[in-house]
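Here is the structure we will look at.
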Amino acid sequence: MSRELCRAVETVMKSDAVEELDVSFNWSKVASAPAGSVPEVKFERGSEELVAMVSEFLLTSPQVTEHVIFGVITELKRRPGEDTGRVGVETLLNGRRKIVWMDLSDEPYHLAVRCHDRGIPVSVRGVLNNAPGRIAAMEVSDFGPDASLFTQNPLD
């Protein structure tokens, strides 16, 4: 549930013509639905105040959610002997090209090098920090070639 959806539901439910509102969700075929998500939610008359409270909570509390980005690797940085390497993935965020930085352990870093060398786009799942005026960074939970573009592993 997002704050924007809460505000829209609240606005619709204030109408005298609406007794009940059903909202359904269709998730991308590329990125799976978040754990615990449901395909639809039903709001009944009288739920406007509760929805408004959730909307306010979402506005004021920091949210830690996973995102999936797709892009190409443009930067690789790793010093000899280091356990992790820094990778920059150029992607679109809010309609603008931006490099998202991430630290990868040894195995994913070597995968990133192979994708970079072969020009293979990647997909990255993790917690994205894209605060205005700051360098975009991601705490990665999953990294690999963009599976939506290939029928078989492009690195084989």
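Before moving on, here are some points about what is shown:
- Test for Glu44: is it open to solvent by 40 Å² or more (accessible area, probe 1.4 Å), of a type in the set (D, E, K, R) and under 20 Å from the mean Cα position of the chain (by Cα): no
- Each residue in the range 97-128 was checked for being open to solvent by 20 Å² or more (accessible area, probe 1.4 Å) and touching a helix residue (DSSP H, G or I) at 6+ places or on another chain (Cβ under 8 Å), and 2 of them qualify.
- Among all positions in the range 89-96, there is at least one residue which is crowded, with 17+ Cβ neighbours inside 10 Å and among the β-branched types (Val, Ile, Thr).
- Selected residue (only one of Ala17, Ala35 is out of contact with any helix residue (DSSP H, G or I) (no Cβ under 7 Å at 6 or more places or on another chain), at pLDDT below 85 and not basic (Lys, Arg)): Ala35
- Across the range 20-32, the qualifying residues are those that are exposed (fewer than 12 other Cβ atoms within 10 Å of the Cβ) and small (Gly, Ala, Ser), and the one among them that is modelled with the highest pLDDT is Ser24.
- Which numbered condition Ala131 misses (of (1) open to solvent by less than 40 Å² (accessible area, probe 1.4 Å); (2) closer than 16 Å to Val68 by Cβ; (3) not acidic (Asp, Glu)): (2)
- Residue that is modelled with the lowest pLDDT [pool: residues in the range 108-143 that are basic (Lys, Arg) and more than 21 Å from Arg78 (Cβ to Cβ)]: Arg134
- Unique match (being part of a helix (DSSP H, G or I) and within 23 Å of Ala35 (Cβ to Cβ)) among Ser148, Ser141, Ser123: Ser148
- When the criteria are applied in full, Ser61 meets the requirement of being out of contact with any strand residue (DSSP E or B) (no Cβ under 7 Å at 6 or more places or on another chain), open to solvent by less than 70 Å² (accessible area, probe 1.4 Å), polar (S, T, N, Q) and under 21 Å from Ser2 (Cβ atoms).
- Just so you know, in the range 1-11 the residues that are in a helix (DSSP H, G or I) and open to solvent by 60 Å² or more (accessible area, probe 1.4 Å) include one that is modelled with the lowest pLDDT, and it is Arg3.
- Members of the range 35-63 that are in a loop (DSSP other than H, G, I, E, B) and either among the hydroxyl-bearing types (Ser, Thr, Tyr) or at positive phi (or both): Gly36, Ser37, Gly46, Ser47, Ser61
The values are calculated or read from the model by the stated rules, or taken from the named source; none is laboratory data. Not measured: the values here are computed from a predicted model. Here Cβ is always computed from backbone atoms with ideal geometry, including for glycine, and neighbour counts include all displayed protein chains. The accessibility values were calculated without ligands, DNA or RNA, using every heavy atom of the protein model including side chains. Shrake-Rupley method; radii C 1.70, N 1.55, O 1.52, S 1.80 Å.
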